[in-house]
1. For residues that are in a strand (DSSP E or B) and touching a strand residue (DSSP E or B) at 6+ places or on another chain (Cβ under 6 Å), scanning just the stretch 12-32, find the one that is surrounded by the fewest Cβ atoms within 10 Å (Cβ to Cβ).
2. Filter the stretch 85-104 down to residues that are in a loop (DSSP other than H, G, I, E, B) and free of Cβ contacts under 8 Å to residues at least 12 places away in the same chain, then give me how many there are.
3. Considering only residues that are within 14 Å of residue 38 (Cα to Cα) and over 9 Å from the mean Cα position of the chain (by Cα), look in the stretch 50-64 and name the one that is surrounded by the fewest Cβ atoms within 10 Å (Cβ to Cβ).
4. If you go through the stretch 33-44 one residue at a time, how many are on the phi < 0 side of the Ramachandran plot, buried (at least 20 other Cβ atoms within 10 Å of the Cβ) and out of contact with any helix residue (DSSP H, G or I) (no Cβ under 6 Å at 6 or more places or on another chain)?
5. May I ask you to list the residues in the stretch 33-49 that are more than 16 Å from residue 103 (Cα to Cα), in a loop (DSSP other than H, G, I, E, B) and under 15 Å from the mean Cα position of the chain (by Cα)?
6. Quick one: how many residues across the stretch 50-84 are without any contact (Cβ under 8 Å) to a residue 60 or more places away in the chain, part of a loop (DSSP other than H, G, I, E, B) and in contact with a strand residue (DSSP E or B) (Cβ under 8 Å, 6 or more places away or on another chain)?
7. So, in the stretch 65-100, how many residues would count as being in contact with a helix residue (DSSP H, G or I) (Cβ under 8 Å, 6 or more places away or on another chain) and loosely packed, with under 13 Cβ neighbours inside 10 Å?
8. Within the stretch 47-64, how many residues turn out to be in contact with a helix residue (DSSP H, G or I) (Cβ under 6 Å, 6 or more places away or on another chain) and farther than 23 Å from residue 26 by Cβ?
């Protein structure tokens, strides 16, 4: 699958800490792909859009998200102020949430080692 690219190299600050889905998380949640939402800032765009700790983020727009690096690349390609529809897996059910990408951003790390979005 091709991923969007960004000239700016900046990632919108959503207010989440995302970690890979481990075998333990997959076993307890029933979902083995995506990014596990480890924390959500109470005043961030993700929180205002309904994202919760424990959600597994599996899609942004029409793209399936298999890992944190793919999410970062996807977010880099979207302009600030965009309304983003995300797909999450919560309580063994797929749900769709919408939130607005903020005007604030931070420099991207190509390694994907930075878990904060």
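1. Among those residues, the one meeting the criterion is 19.
2. Kept after step one, since they are in a loop (DSSP other than H, G, I, E, B), are these residues of the stretch 85-104: 91-92, 101-104.
After this cut, where a residue has to be free of Cβ contacts under 8 Å to residues at least 12 places away in the same chain as well, the list is 91.
Looking only at that region, the number is 1.
3. 53
4. Of the residues in the stretch 33-44, 1 are on the phi < 0 side of the Ramachandran plot, buried (at least 20 other Cβ atoms within 10 Å of the Cβ) and out of contact with any helix residue (DSSP H, G or I) (no Cβ under 6 Å at 6 or more places or on another chain).
5. Correct list: 33, 34, 41.
6. 11
7. Qualifying residue count, the stretch 65-100: 1.
8. Looking only at that region, the number is 0.
FYI, it's all coordinate maths here, none of it is from the lab. Computed from a predicted model, the values in this text were never measured in an experiment. Methodologically, a virtual Cβ is constructed for each residue, glycine included, from the backbone with ideal geometry; neighbour enumeration extends over all protein chains shown.
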